[in-house]
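The values are calculated or read from the model by the stated rules, or taken from the named source; none is laboratory data. It should be emphasised that the depicted structure is a prediction, and the values quoted were computed from it without experimental measurement. Backbone-built Cβ (ideal geometry, glycine too); neighbour counts: all protein chains shown. Each accessible area value is taken on the protein alone, full model and side chains, heavy atoms only, with ligands, DNA and RNA left out. Shrake-Rupley method; radii C 1.70, N 1.55, O 1.52, S 1.80 Å.
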Amino acid sequence: RVPLETGITVPPTVQASAIGLNIECSINGKADGAVGFMVAPQGVMAVAHRPFSSTAVKGAMLTAANIYNPKEMADRYTQVVQSGNLQDLLDALKVVQPNLKSLQLLQVAGQTQSLIHGDVGVQNQIPINLLGSGALTIAAVVMNTIFAKDGVLLIDEFDASIHYSVLKKIWSV
């Protein structure tokens, strides 16, 4: 739990007065910016303590609340395929879904968003969010790791949905 003052407005370039997770960044050894994360009634809020330079750093943050965003997962899956890393994603998922043969981005009738589906050897392909929380977490982590290459990936409670018996295999992947 993080104690917060209520009713304060924190402009993006002013240091936050609440206590939370503070991250300071540097590029080539030069301090570049700082951002704080704090819990608020609206959810996790990010506040810039110092503005960042125009140098962009690729990154993502995964939490239990945002691990399954169908649109973002479809976008990340497309990036994985385009970068030639689909086999890496499949290998990682096979740790918790050994019967997984392939993944596809499918448009389902009546749905506005394409969803990632896995072929696990049953009659129909299964949406990734129904393959289990471990598979969903691993997919999100691997896809965002590929997306954030040469950048930053923050993962909150990675082990919460991964059984301890497969953690060593997951880290090796």
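Identify all residues within region 125-145 that are open to solvent by 40 Å² or more (accessible area, probe 1.4 Å) and under 24 Å from Gly84 (Cβ atoms); write none if there are none.
Within region 125-145, Gln125, Thr145 meet the criteria.
If I ask for residues that are out of contact with any strand residue (DSSP E or B) (no Cβ under 8 Å at 6 or more places or on another chain) and either more than 24 Å from Lys149 (Cα to Cα) or open to solvent by 40 Å² or more (accessible area, probe 1.4 Å) (or both), which ones from region 86-106 would you list?
Across region 86-106, the qualifying residues are Gln87, Asp88, Asp91, Lys94, Val96, Pro98, Asn99.
For region 107-120, which residues satisfy the criterion of being of a type in the set (Gly, Ala, Ser), without any contact (Cβ under 8 Å) to a residue 24 or more places away in the chain and in contact with a helix residue (DSSP H, G or I) (Cβ under 8 Å, 6 or more places away or on another chain)?
none
Mind checking which residues of region 153-164 are open to solvent by 70 Å² or more (accessible area, probe 1.4 Å) and either β-branched (Val, Ile, Thr) or on the phi < 0 side of the Ramachandran plot (or both)?
Across region 153-164, the qualifying residues are Asp156, Asp159, Ala160, His163, Tyr164.
List the residue pairs whose Cβ atoms are under 6 Å apart, where the first residue sits in region 158-172 and is farther than 14 Å from Val142 by Cα, the second is assigned to a helix (DSSP H, G or I) and not acidic (Asp, Glu), and the two are 6 or more positions apart or on different chains.
Short answer, once both residue conditions are applied: Ser161/Ser133; Ser161/Gly134; Ser161/Thr137.
Let me confirm something: among Asp159, Asp88, which residue is at pLDDT 90 or above and assigned to a helix (DSSP H, G or I)?
Asp88
Give all pairs with beta carbons closer than 7 Å in which a residue from region 69-80 that is farther than 13 Å from Leu103 by Cα meets a residue that is β-branched (Val, Ile, Thr); count only pairs at least 6 apart in sequence or on separate chains.
Between residues of region 69-80 that are farther than 13 Å from Leu103 by Cα and residues that are β-branched (Val, Ile, Thr), the close pairs are Gln79/Ile146.
Applying the selection to region 121-155, what residues are in contact with a His (Cβ under 8 Å, 6 or more places away or on another chain), touching a residue at least 12 places away in the same chain (Cβ under 8 Å) and part of a strand (DSSP E or B)?
Pro127
Select, from Val122, Val108, the only residue that is at pLDDT below 90 and aliphatic (A, V, I, L, M). Please lay out each step first, then the result.
Values: Val122 fails: at pLDDT below 90.
Of the residues listed, the single one that is at pLDDT below 90 and aliphatic (A, V, I, L, M) is Val108.
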